[in-house]
Amino acid sequence: MLNNGKSSKKILSITVAVLAVALVYSLAGTVFASGDDGPRPSIFHMDVPIRGSEDVPTISVGEFLVNTAETTGLNAIINGEEEVQDLVDPEKTTIVPGWARLVMILIGFLVIYLGAGKGFEPLLLIPIGFGTVLVNIPGGGMYGEHGMLKIIYDAGVGNEFFPMLIFMGIGAMTDFGPLIANPKTAILGGAAQLGVFVTLFGVALMNLLPGVEYNMFEACGIAIIGGADGPTSIYVASKLAKPMMAVIAVAAYSYMALVPMIQPPIMKLLTTEKERKIKMKQLRHVSRVEKILFPISLLLLAILLIPPAAPLIGMLAFGNFVKQCGVVDRLSKTMENELLNIVSILLSLGVGSQMTPEKIMNPSSLGVILLGLFAFAVATAGGVLMAKFMNLFLREKINPLIGSAGVSAVPMAARVSNKVGQEYDPSNFLLMHAMGPNVSGVIGTAVAAGVFIATYAS
């Protein structure tokens with residue numbers, strides 16, 4: 001009885017399989033028939049018109065397979081070429097080979113690995129890496145006319161919208177107490193802007209190389225990378241160096257994320273072990289009134305002295321005032337958590353969308369990346385050396401390691417100062433001391449941006 005049941009199921013399965021093969025073969029005569037209008041010599045021909053498909057050409061099985069193979073990403077990488085608009089001159093076009101897309105995809109995965117595997121600022125690097133991979137998918141269309149990444153870039157990265165929101169969120173999450181308690185650390189934040197201004201001369205030297213030519217507007221956009229402030233770099237580039245905005249944004253955010261890798265060797269090179277072990281006394285208590293008045297005073301000074309910097313500083317002051325006044329906690333928490341997280345994701349994806357071969361793999365763009373690294377290194381060294389210089393006159397010594405936090409990568413640079421200090425003395429806590437120059441670096445970079453815009457924007 002059981003065997004008979006199995007035999008019946010087996011016969012039924014064979015019958016269904018034969019009918020399925022016959023059906024597929026009969027349909028193949030119609031779906032994959034030749035494209036001519038003559039009679040089709042097939043006994044399986046079925047003339048079943050599908051409404052709306054009268055003008056759709058029919059193809060053979062061979063043509064179908066060939067077309068499928070030609071549309072694969074592998075074929076596009078090996079044999080494909082794409083004509084894209086030139087970065088500087090919109091009237092010109094650039095040919096991008098398929099292998100260049102593969103190189104950028106691999107770079108994107110490397111960026112993801114650095115964020116997820118090595119812990120180098122994953123909040124920035126992981127979205128940037130995925131943006132890089134997605135925008136370089138051959139035929140993916142993520143940066144097409146209605147592509148998601150292009151919508152993100154046009155909505156807030158290619159203008160001042162996202163940078164302003166980021167500054168508002170930074171203000172809401174920043175405590176200016178360490179700076180108020182120890183105002184002299186503001187000098188370290190100012191000294192770190194040395195990288196910004198020294199790079200202007202570096203840009204002039206870079207113009208001596210063949211294939212590289214920057215104007216003064218682009219030089220300002222490149223120099224601001226030295227502040228390690230992605231939003232400010234985008235803001236300045238949108239005002240002065242629109243054609244170079246993509247690579248400037250990529251360089252600025254890359255160096256922001258790589259602070260833990262770039263800064264420690266420079267810090268150790270410029271300090272002695274004795275200096276790294278300097279302990280600083282606990283900061284004084286800062287009253288709530290002082291914290292409330294600080295952002296208002298900061299905004300008023302920006303309005304009176306450097307109006308072009310007032311928008312950035314104004315959003316920073318707005319976010320910080322909302323935090324310190326204590327009457328709108330819901331707004332403060334939204335600014336420093338949900339809103340900042342959402343905008344950071346979108347901004348990082350938008351920055352990653354600019355990591356395409358024509359924007360990165362050319363002499364001018366590579367020059368921007370090298371100059372950005374130079375600016376960042378000089379900024380780090382400037383803060384450390386200024387702390388050493390101040391120690392010549394101060395009774396209570398400053399640990400020079402906190403000078404490196406003068407760049408405006410908040411709070412990454414301050415954490416790096418603390419980490420390097422604890423490598424030599426685990427009981428030495430420099431984080432709060434480093435926050436003073438760190439937040440002053442944010443203000444200093446915004447002021448430098450205002451100076452550039454005030455000087456050249458007209």
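All of the numbers you see were taken from the coordinates with simple rules; none came from a lab. If you're wondering where the values come from, they're calculated on a predicted model, not measured in any experiment. As a convention, Cβ positions derive from the backbone with ideal geometry for all residues, glycine included, and neighbour counts pool all protein chains shown.
Worth pointing out:
- Along principal axes, Cα extents of segment 340-458, largest first, whole Å: 53, 33, 29
- Placing +1 on the Cβ of every Lys and Arg and -1 on the Cβ of every Asp and Glu, with no other charges, gives the chain a dipole of roughly 2500 debye about its Cα centre.
- Counting only chymotrypsin sites (Phe, Trp or Tyr not before Pro) that DSSP places in a loop and that have at most 13 other Cβ atoms within 10 Å, the longest clean stretch of the chain runs over 45-392.
- Extension gain for I303 to I342 (0.36 nm times residue separation, less C-alpha to C-alpha distance): 11.1 nm.
- Site pair R395 and A69 shows an inter-label distance of 8.5 nm when each label is modelled 7 Å from Cα along Cα→Cβ.
- Stokes-Einstein, applied to the Kirkwood radius of segment 101-220 over Cα pairs at a viscosity of 0.692 mPa s and 37 °C, places its translational diffusion at 180 µm² s⁻¹.
- About the centre of its Cα atoms, segment 204-289 shows a dipole size close to 760 debye [charges on the beta carbon of Lys, Arg (+1) and Asp, Glu (-1) only; nearest 20 debye].
- Of the DSSP H helices in the chain, those whose Cα atoms cover at least 24 Å axially and whose Kyte score averages 0.5 or more: 2-31, 98-116, 288-305, 363-391, 431-456
- Spatial separation of Cα centroids for segment 198-222 and segment 253-282, in angstrom: 28
- For segment 271-329, trypsin sites (Lys or Arg not before Pro) are listed when DSSP marks them as loop and at most 16 other Cβ atoms sit within 10 Å of their Cβ; the list is K277, K279, K281, R284.
- Loop-located trypsin sites (Lys or Arg not before Pro) in segment 381-458, at most 13 other Cβ atoms within 10 Å (DSSP): R395
- Distance histogram in 10 Å bins (all Cα pairs of segment 252-390, percent per bin): 9, 21, 30, 31, 8, 0
- The smallest convex shape that holds all Cα atoms of segment 152-308, its convex hull, gives 156 Å³ per residue.
- Remark: spin-label model distance L370-L12 equals 7.5 nm, labels positioned 7 Å along the Cα→Cβ axis.
- Cα-derived Rg to Rh of segment 304-373, Kirkwood definition: 1.17
- For segment 135-220, applying the loop criterion from DSSP together with a ceiling of 14 other beta carbons within 10 Å to the GluC sites (Glu not before Pro) yields E145, E213.
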